[in-house]
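Only one structure is covered here, and it is reproduced in the block below.
Every number here is computed from the coordinates shown, using simple stated rules; none is lab data. Everything numeric in this text was worked out from a predicted model, so none of it was measured. As a convention, Cβ positions derive from the backbone with ideal geometry for all residues, glycine included, and neighbour counts pool all protein chains shown.
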């Protein structure tokens, strides 16, 4: 049975993906050091950053046993690949919609509730579409997304890695990538 990230891990990824939006909204709605909007967005920024570092910490603990040892759920031998970093830009569209739903009509409680409902809907849709991996903050931290064809299974899977390029395996000496499953067909390459 395939292990999926817990709801908490997916929530960590979701929250952390919106750090840039929270910063933009903090700047747009700044109402003094003790103002409601300032406190709200500072709390969102801090909790989102903690979420990201917590997710990465848990992922590293799961993947790295000790000095020189790695835990691989699977190995992938790449026959073909497609660069998928464009999903980071597509994800940013929700930033624009979020900004439009929150800023123009004022900063009252109804507007805040509308924003919270909208973000809840976005979270549910991203969970159902399995797009939580498309986290632009991970992209800013140097992670790349590739769609790779696994020689052994013949299946296309998504690979999140710090590598800029993926080497296609040579027929005589296939390079095996050590990976750990994040969710379904989404894998994180285990770094040396």
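Listed values, structure above:
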| read-out | value |
| --- | --- |
| Region 7-189 - share of DSSP beta bridges that are antiparallel (%, nearest 5) | 90 percent |
| Percentage relative contact order, region 7-189, counting C-alpha pairs under 8 Å, at least six apart | 27 percent |
| Region 94-192: mean projected area of Cα convex hull, nm² | 8.2 nm² |
| Residues residue 50 and residue 163, FRET efficiency given R0 of 22 Å [Cβ-Cβ distance, rounded to 0.05] | 0.20 |
| At R0 = 22 Å, FRET efficiency that the Cβ-Cβ distance of residue 85 and residue 141 yields, to 0.05 | 0.95 |
| Burial order of peptide ranges 151-164, 11-24, 125-138 (average beta-carbon count within 10 Å, highest first) | 11-24, 125-138, 151-164 |
